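Asks: Quick one: the structure is below, and I'll ask about it shortly.
The values are calculated or read from the model by the stated rules, or taken from the named source; none is laboratory data. Worth saying up front: this structure is predicted, and the values here are computed from it rather than measured. FYI the Cβ positions are ideal-geometry reconstructions off the backbone, even for glycines, and counts take in every protein chain you see. To get the accessible areas, we keep the full protein, side chains included, count just its heavy atoms, and leave off ligands, DNA and RNA. Shrake-Rupley method; radii C 1.70, N 1.55, O 1.52, S 1.80 Å.
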Amino acid sequence: VWMFEATATWAEEHVYPDINDYVNFVATYVRYPGEPITEYFGDPQDPRGTKIYGAAVWNHWLATGGGGYGVGAVRRAWEISDVGQLKDFALGAYDRAIQGAGGPRFSREFVAFSAATAEWQTGFGGFPDAALYPDVRRKGKLTRKARRFRLDHTASRFMRVRPGAKDIR
């Protein structure tokens, strides 16, 4: 479901570039970075429910942002999504499309994407309309004694880092 909705929202931006409707959903995307990008929260009362539409930023990253594989990479993911027996058809399709465009595996691309979302308003990553995106929520401070935590393979966690802090060197 997330691939369907994230791609549909991404495509709207290409058909109607002046409307920027997808930006309305980016706020939910950044509010829940610890929730998997692939998670569909079907309950309409769940505040995380519109994250899948905000995940359009993933397709922007692949096509024109840091990934820079062109819109053909997103289309290719769709073309191969129903071919063969992919374990997770969406991730598998993106994985094959990224590799077919000369990139690394999905997991490495997702790490680069996540890092770019941390400071997308700086212009790093080439996200369209990045000045309109809210900051990604940080959770905790990075220190030497930072506690361990688990993340789903398609989730992110962002921490506050004090420049020059002695306790993280």
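Asks: For helix 106-118, report the angle its Cα long axis makes with the longest principal axis of the Cα atoms of the chain; keep it between 0 and 90° and round to the nearest 10°.
Replies: So the helix axis and the longest Cα principal axis differ by about 60 degrees.
Asks: Leaving ligands, DNA and RNA out of it, report the carbon-plus-sulfur percent of the accessible area of the chain at a 1.4 Å probe. Numbers along the way, then the final one.
Replies: Numbers: 4970 of 9720 Å².
Its accessible area is 51 percent carbon and sulfur atoms.
Asks: Would you mind working out the accessible area per residue for the chain, using a 1.4 Å probe, and quoting it in Å²?
Replies: Solvent-accessible surface per residue comes out at 58 Å².
Asks: If you don't mind, another one. Compute a Gaussian network model of the chain, connecting alpha carbons closer than 10 Å, and tell me which residue from GLY123, GLY70, GLY140 fluctuates the most.
Replies: With Cα springs under 10 Å in the chain, the top fluctuation among GLY123, GLY70, GLY140 is at GLY140.
Asks: Ranked from the most accessible area to the least, with a 1.4 Å probe and all protein chains present, what is the order of ASP18, ASP135? Provide the component values of the computation, followed by the final result.
Replies: Values: ASP18 145, ASP135 105 Å².
Order by accessible area, largest first: ASP18, ASP135.
Asks: Can you compute the charge dipole magnitude of the range 2-97 about its Cα centre, using +1 on each Lys and Arg Cβ and -1 on each Asp and Glu Cβ, nothing else charged? Give it in debye, rounded to the nearest 20.
Replies: Using Cβ point charges on Lys, Arg, Asp and Glu, the range 2-97 gives about 280 debye.
Asks: For the range 108-165, which chymotrypsin sites (Phe, Trp or Tyr not before Pro) are both in a DSSP coil and crowded by at most 12 other Cβ atoms within 10 Å?
Replies: In loop regions of the range 108-165 (DSSP not H, G, I, E or B), the sparsely surrounded chymotrypsin sites (Phe, Trp or Tyr not before Pro) are PHE149.
Asks: What residue among VAL15, ALA118, LEU142 has its Cα farthest toward the positive end of the dipole of the chain, where the charges are +1 on Lys, Arg and -1 on Asp, Glu, each on the Cβ?
Replies: The listed residue farthest towards the positive side: LEU142.
Asks: What are the residues whose amide H is under 5 Å from the amide H of LYS141, where those residues sit 5 or more places off or on another chain and H is modelled from the backbone?
Replies: Here the answer is ARG160, since their amide H atoms fall under 5 Å of that of LYS141.
Asks: Could you tell me the accessible area of SER107 in Å² (1.4 Å probe, neighbours in place), rounded to the nearest ten?
Replies: Counting only protein heavy atoms, the figure is 70 Å².
Asks: Match the structure shown to one of the listed values [x] -0.38, -0.46, -0.95, -1.29; [y] -0.34, -0.42, -0.91, -1.30; [z] -0.56, -0.62, -0.98, -1.23 of log10 I(q)/I(0) by the Debye sum over Cα atoms at q = 0.10, 0.11, 0.16, 0.19 Å⁻¹, computed from it, and give that label.
Replies: Answer label, from the structure shown: [x].
Asks: Would you mind telling me which residue in GLN121, GLN99, GLN45 has the biggest mean-square fluctuation in a Gaussian network model of the chain, where springs connect alpha carbons within a distance under 10 angstrom?
Replies: GLN45
Asks: Could you tell me the center-to-center distance, by alpha carbons, between the range 104-149 and the range 1-71 in angstrom?
Replies: Here the answer is 15 Å between Cα centres.
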